[in-house]
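Here's the structure, in structure tokens; my notes come after.
Where a number appears in this text, it was derived from the coordinates with a stated rule and is not lab data. Keep in mind that this is a model prediction, so the values were computed, not measured. Using ideal geometry, Cβ is built from the backbone for each residue, glycine included, and neighbour counts are taken over all protein chains shown.
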Amino acid sequence: MLNMIIRRTAVALPTLLILVIVTFVLMHSAPGGPFTSEKPLPPQVLANIEAKYGLNEPLYKQIFMYLQGIVTELDFGPSYVYKDRTVNDIIAQGLPVTLTYGAWVIVVMLAVGVPLGMIAAIKQNTWIDYLAVGFSILADLLPNFIMGPILILIFTLWLGWLPGGGWNGGQWEYMIMPVIALATSYMASITRLTRSSMLEVLRSNFIRTARAKGLPERTIILRHAMKPALMPVISYLSPVFVYVITGSFIVDAIFSTGGLGTYFTNAAFNRDYAVMMGVTLLTGGLTILFNLLVDLLYGWIDPQIRY
Amino acid sequence: MGIKNNAGVSDGSLPPSELGVAALDDHTLQVTLEKPLPYFPLTTVHASAFPTPQWAIEAHGNEWTRPGNIVTNGAYIMTEYVANERSVRERNPMYWNNDSTIIEKVTALVINDENVALTRYMAGELDQTNIPSGQFNRLQQSNPDETVVVPELCTYYYTINLTDSGNPALQDVRVRQALSHAIDHDIITKNILQAGQKPAYAFTPEATAGFTPPASPMASMTQAERDAKAKELMAAAGVDSLDLELMYNTSESHKKVAIAISQMWKQKLGVNVTLSNLEWKTYLDAPGAQNYQVARAGWCGDYNEASTFLDLLGSESGYNDAKYNNPKVDELLAQAKVSADTQPIYTKIEQILATDTPIIPIYQYTANFLMKTDVKGWPYDNVEQNIYSRDLYKVAE
């Protein structure tokens, strides 16, 4: 296992390096720059500003300086748009927000999706099953960018129960709608995934054996069927994590939560190079880390899997 | 702003001490100008002219704009700033006229989606918000007392590349005039934008103080007359087929206007228009480098005087994307800078522009917003949209 962690880390570093170089080159090849504006700066002033941020250096040197900053001082550079903030400041403000609602999204998704799928499988072809399947199909039709405005319409405008957006330091009433909007459609997928994998497990030989032994149904499901039935759900968690990050673009835009998602789009529009690099690198790193965690979880649940 | 030695100090050839600005004592600021500028006081309301203490910047470096560090002299102090979420201002007890400030705390929320902002306004979370495009008519009917439309000091226009990198046919003034005549301004304002905008036949908007733009000959014609004139002009220029590229920055509203105008040109003049939309930063590069044929543009006055618009078409102006160069216009612009009565000079410039057509004015912007009826003191006639919370108050209803 330790071997595997070391191996994966060794692969991760060059991956991230390639990510940095590709993003850097793509970003700089887009026309315009952080300081192009409707009212252009006098050439001399522009040259001074670019020199201050090292933007006048050749690209390879800029990449090198950027990497050097990260490796030696963990400094991801300054923002060219939010001039009183560094990228580290921006991440320190946005990441906790994204991680907070992101964690709740995963919790809600699993806490609702898995039991619903289990019950539907156990009570296959009863009204409970039909209800759960119907619900999951309905939820699947509601991606976050549709759920968001609908929730605001219902809970803010009609019922007046919840604030229509903002974060306000992460109070629970500000979190409910973003979490539901982001969780709904993936919760539906988890329900269906759990249901079909549970059905398959319940028909397998070892369950039949357990039943023949006369074990109570409860023990069969909790002790024998649940673990294997959850395998596909766990492998599904890495795309879910990426989805939470990408979904945060939409949630941040609709609910003004101020998470990292906003910076992906804004930094690209503003050519705020260092912020763009910072969030890309962070997401890349987290994705690699999360994939690793999921693989470790795999090995823990199914001892047959060896790394 | 015409401050003495500004150019030299900006490009580094002169030391900052040579700039024509000096503090004579604690309460007197002396500004020396390159040459007399009658409207200079008007330019001082622009945010870039607000005072900033040097010591605060030196003490805090890049972080001088953060709450707690920033030093301002207004009626409010910024107390909280969460990027992309909110900023909060609270009463400044040290403000010279603090007794007249009524509202204690003003919160500005960042809401990316205008329709979400509208819903939150309707739910009572906001006192004031912009109206999303296309919603103005509906809101004016459903919430007439809260729907506000006021003129803004801005003009929406199409600029025409007059250099060799543009379309050669556009070098002919008759072709440019034909394109201008064929645009039905009323369809754009009444049927497409539908939010109180006025058609523009001059570059300077009517809201500008101290100058009434002359009635352009085109303004008094009916659209049928304009169309006939446009066809005549096109025929006189000997152009029977023309392919044009029309560039605009990505936006639903620019797209609608561009589609309508390209249709008008196509139907009336047989001009084939290719629409090209560019993302904002990309778009900013193209017209400035004369890398276009016809491009959408907009200009808002930095101060309330016609020169903030007309100077743009001076041959030396950095914003003159058309690369329009008329020595007569340059001469008149220079004259206006030192003249006490600018009306006849600006009138003459507008008349020359209407004939030369380096740009096609399309409409005059309006500011549309919703505001709760208990908010009072809003400066509706401030066309520059310089709004100070210190002027506002709320009444019990």
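Numbers below:
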{"quantity": "Listed residue pairs exceeding 20 Å between alpha carbons, taken from B:105/B:372; B:372/B:394; A:39/A:83; B:266/B:323; A:39/B:323; A:39/B:255", "calculated": "B:266/B:323; A:39/B:255"}
{"quantity": "Theoretical ellipticity at 222 nm over the protein assembly as shown - DSSP helices of four or more residues, -39500 (n - 2.57) apiece, nearest 500", "calculated": "-15000 deg cm²/dmol"}
{"quantity": "Footprinting exposure proxy for A:206, A:290 (fewest neighbouring C-beta atoms within 10 Å first)", "calculated": "A:206, A:290"}
{"quantity": "Sites residue B:339 and residue B:317, calculated FRET efficiency, Cβ-Cβ separation with R0 22 Å, nearest 0.05", "calculated": "0.70"}
{"quantity": "Computed E for residue B:289/residue A:296 - FRET, C-beta separation, R0 41 angstrom, nearest 0.05", "calculated": "0.15"}
{"quantity": "Virtual spin-label span in nm between residue B:280 and residue B:17, 7 Å along Cα→Cβ", "calculated": "4.2"}
{"quantity": "Pairwise label distance in nanometres, residue B:241 with residue B:71, each label 7 Å out on the Cα-Cβ vector", "calculated": "6.9"}
{"quantity": "Positive-end residue, the stretch A:53-152 charge dipole about Cα centroid, Cβ charges, pick of A:122, A:93, A:144", "calculated": "A:122"}
{"quantity": "Inter-label distance, nm, simple model (7 Å from Cα along the C-beta direction), residue B:47/residue B:385", "calculated": "1.1"}
{"quantity": "Value in Å of the Kirkwood radius, where chain B supplies the Cα pairs that are averaged", "calculated": "23.8"}
{"quantity": "Spherically averaged projected area in nm², based on the convex hull that wraps the Cα atoms of the stretch A:32-117", "calculated": "9.4"}
{"quantity": "Overall dimensions of the protein assembly as shown by Cα: Rg and Dmax, Å", "calculated": "30.9, 106"}
{"quantity": "Test item: B:110-123 mean partner chain Cβ contacts at 10 Å", "calculated": "6"}
{"quantity": "Residue-wise HN-Hα coupling along the stretch B:377-394, computed from phi with Karplus coefficients 6.51, -1.76, 1.60 (Hz; x: Gly, Pro)", "calculated": "x, 5, x, 4, 8, 7, 6, 7, 6, 7, 10, 10, 4, 5, 7, 8, 7, 10"}
{"quantity": "Length gained when the stretch residue B:260-residue B:102 is fully extended (0.36 nm per residue, less Cα-Cα span)", "calculated": "52.2 nm"}
{"quantity": "With eigenvalues of the C-alpha gyration tensor scaled by 5 and rooted, the stretch B:6-52, Å", "calculated": "18, 15, 12"}
{"quantity": "Segment residue A:168-residue A:17, extension gain: residue separation times 0.36 nm, minus the distance between their alpha carbons", "calculated": "50.7 nm"}
{"quantity": "Cβ-based charge dipole, the stretch B:63-218, positive-most Cα from B:96, B:195, B:81", "calculated": "B:195"}
{"quantity": "The stretch B:152-366, dipole about Cα centre (Lys/Arg Cβ +1, Asp/Glu Cβ -1), debye to the nearest 20", "calculated": "480"}
{"quantity": "Euclidean distance between Cα centres, the stretch B:256-277 to the stretch B:73-133, Å", "calculated": "41"}
{"quantity": "Semi-axis lengths (Å, descending) of the ellipsoid that matches the C-alpha gyration tensor of chain A", "calculated": "45, 26, 13"}
{"quantity": "Estimated FRET transfer efficiency when R0 is 22 angstrom, pair residue B:143-residue B:251 (beta carbons, to 0.05)", "calculated": "0.30"}
{"quantity": "Charge dipole (chain B, unit charges on Cβ, about Cα centre) - positive-most of B:357, B:338, B:303", "calculated": "B:357"}
{"quantity": "Longest segment of chain A lacking trypsin sites (Lys or Arg not before Pro) that sit in a DSSP loop with at most 15 other Cβ atoms within 10 Å", "calculated": "A:204-305"}
{"quantity": "Neighbourhood net charge (10 Å Cβ-Cβ; Lys/Arg +1, Asp/Glu -1) for residue A:229", "calculated": "+1"}
{"quantity": "Share of alpha-carbon pairs per 10 Å distance bin for the stretch B:152-366, given as whole %", "calculated": "8, 36, 39, 16, 1"}
